[in-house]
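*Asks:* Dropping a structure here in structure tokens format, bear with me for questions.
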Amino acid sequence: MDRKIIYINSIAIAVLAAIANISGLFWKNLYQSDTVSITAQMMGQDLITLIIVIPLLLTSLYLIARDSLRGRLMWMGIMFYFIYTYASMSFAASFNQLFLVYVALFALSIYTFMGELLSMNIKKIKESFSPRLINKITAIFLIIAGLMLAGMWLSMIVESQLTGIAPAALESYTTLVIQALDLAIVFPATIVVGYLLIKGYAWGYVLASILVIKASLIGTAILSMVLFMVSSGVTVAIGQVIFFVFLTVVGIIIAVTFYNNINEKLD
């Protein structure tokens with residue numbers, strides 16, 4: 001995809017996200033229609049997006065300007081983070097003054113992501129990876145993380161359906177948006193991409209590069225959410241906290257190692 005489109009759309013995303021994040025952190029009544037737990041989670045994610053994700057987005061643009069393949073793949077992972085985050089905000093957050101900002105971020109990130117994905121030279125990208133053990137380890141990590149995520153959500157949902165008692169995560173909302181996104185998109189993606197990477201298909205390298213960045217950033221955001229929840233007096237499920245600590249720490253280590261296995265420039 002043309003670099004000008006990448007730069008323009010990315011800057012627009014960075015500006016809109018900064019507006020949404022700063023508002024979420026400092027606009028006192030913005031989340032007034034949401035529960036204490038969900039408000040804490042959204043504020044936790046606002047903080048990570050503002051202080052980590054947006055700077056990483058700008059860094060990736062700098063790397064893209066220097067013809068860095070790592071920078072381009074990292075940028076794709078960050079775009080996927082924005083797709084997931086603002087799909088969640090568009091569908092799950094109670095309607096507020098920034099609804100159109102969330103929708104704009106969702107639209108900009110998904111169309112920018114798809115434009116680049118469809119124009120990538122996947123054969124060249126595969127050739128830029130060295131044939132090392134980290135490729136298999138990354139594939140196994142994605143599959144295990146996906147299975148654990150699906151198992152965690154399915155156990156909660158199936159138990160609720162068997163007992164007839166709404167899951168605690170539902171709170172006062174009408175449906176489980178995050179769980180739907182994870183089970184419909186994230187879980188199948190981890191299995192398919194893990195398989196493609198194990199088999200050495202070109203798409204496996206491309207999509208694994210995206211997923212490990214998204215997993216690391218979302219995991220970091222979730223840990224921030226937990227801290228905000230605890231500080232707000234919300235009870236957290238220890239098992240889920242342990243899972244996300246594992247996902248985040250291991251995911252970051254694997255992401256760094258996997259990206260170090262990339263030859264710096266794509267000719």
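*Asks:* What does the C-alpha gyration tensor say about the overall shape of the stretch 182-267? Classify as rounded when a/c is under 1.5, otherwise prolate if a/b is larger than b/c, or oblate.
*Replies:* Prolate, because a/c is 1.5 or more and a/b exceeds b/c.
*Asks:* Further question on the same structure: Using packing as a proxy for protection, rank 118-126, 190-198 so that the peptide with the highest average count of other Cβ atoms within 10 Å comes first. It would help to have the intermediate numbers written out before the result.
*Replies:* On the way: 118-126: 13.1, 190-198: 20.2.
Result, highest mean first: 190-198, 118-126.
*Asks:* From Cα pairs below 8 angstrom and at least 6 apart in sequence, can you work out the relative contact order of the stretch 3-260, rounded to a whole percent?
*Replies:* On the way: 282 pairs, mean separation 67.6, N = 258.
26 percent.
*Asks:* Could you order the peptides 41-49, 141-149 from most to least packed, using the average number of other C-beta atoms within 10 Å per residue? Let's see the in-between values first.
*Replies:* Values: 41-49: 23.4, 141-149: 19.9.
The peptides rank, most packed first, as 41-49, 141-149.
*Asks:* Calculated from DSSP H runs of 4 or more alone, at -39500 (n - 2.57) each and per residue, what is the 222 nm mean residue ellipticity of the chain, nearest 500?
*Replies:* Values: 11 runs with 201 residues, N = 267.
It comes out at -25500 deg cm²/dmol, rounded to the nearest 500.
*Asks:* To the nearest 0.05, how large is the calculated FRET efficiency for S231 and Y7 if R₀ is 22 Å and r is the Cβ-Cβ distance?
*Replies:* Details: r = 38 Å, r/R0 = 1.70.
Here the calculated transfer efficiency is 0.05.
*Asks:* Taking a cut-off of 27 Å between Cα atoms, list the lysines near K126, but don't count ones fewer than 8 places away on the same chain.
*Replies:* Hits, sequence-local ones excluded: K4, K136, K199, K214, K265.
*Asks:* Now a separate question. Along the stretch 76-84, what does the Karplus equation 6.51 cos²θ - 1.76 cosθ + 1.60 (θ = phi - 60°) give for ³J(HN,Hα), rounded to whole Hz, x for Gly and Pro?
*Replies:* 5, x, 5, 4, 5, 4, 5, 4, 5
*Asks:* Step through the residues of the stretch 34-49 one at a time and calculate ³J(HN,Hα) from phi using the Karplus curve (6.51 cos²θ - 1.76 cosθ + 1.60, θ = phi - 60°), rounding each to whole Hz and writing x for Gly and Pro.
*Replies:* Per-residue couplings from phi come out as 9, 6, 4, 5, 5, 4, 4, 5, 5, 5, x, 6, 4, 5, 5, 4 Hz.
*Asks:* How far, in degrees from 0 to 90, does helix 187-198 lean away from the longest principal axis of the Cα atoms of the chain, to the nearest 10?
*Replies:* Once rounded, the angle reads 20 degrees.
*Asks:* Using each residue's phi in the stretch 201-212, evaluate 6.51 cos²θ - 1.76 cosθ + 1.60 at θ = phi - 60° and report the 3J(HN,Hα) Karplus result to the nearest Hz, with x for Gly and Pro.
*Replies:* Those phi angles translate into 6, 4, 4, x, 5, 5, 6, 5, 4, 6, 5, 5 Hz.
*Asks:* Ok, one more. Among 62-68, 215-221, 134-140, how do they line up by average Cβ neighbours within 10 Å per residue, starting with the highest? Could you put the intermediate results ahead of the total?
*Replies:* Numbers: 62-68: 14.0, 215-221: 24.1, 134-140: 18.4.
In descending order of packing, they fall as 215-221, 134-140, 62-68.
*Asks:* If you take the charge dipole of the chain about its Cα centre, with +1 on Lys and Arg Cβ and -1 on Asp and Glu Cβ, which of A14, M120, I51 is farthest toward its positive end?
*Replies:* Checking the options against the dipole of the chain, the answer is M120.
*Asks:* Further question: For the chain, state the average projected area of the convex hull of the C-alpha atoms over all orientations, rounded to one decimal in nm². Each step should come with its number before you reach the end.
*Replies:* Details: hull surface 54.2 nm².
Its average projected convex-hull area is 13.6 nm².
*Asks:* If you place +1 on the Cβ of every Lys and Arg and -1 on the Cβ of every Asp and Glu, how big does the dipole about the Cα centre of the stretch 3-260 come out, in debye to the nearest 20? Walk me through the intermediate numbers first.
*Replies:* Details: 13 positive and 8 negative charges, 210 e Å.
Computed charge dipole of the stretch 3-260: roughly 1020 debye.
*Asks:* Residue farthest toward the positive end of the dipole of the chain, with Cβ of Lys/Arg at +1 and Asp/Glu at -1: which of A104, Y259, Y173?
*Replies:* Value computed over the given set: Y259.
FYI, it's all coordinate maths here, none of it is from the lab. What you are looking at is a predicted structure, and each value in this text was computed from that prediction instead of being measured. Cβ coordinates were reconstructed from backbone atoms using ideal geometry, including for glycine residues, and neighbour counts include every protein chain displayed.
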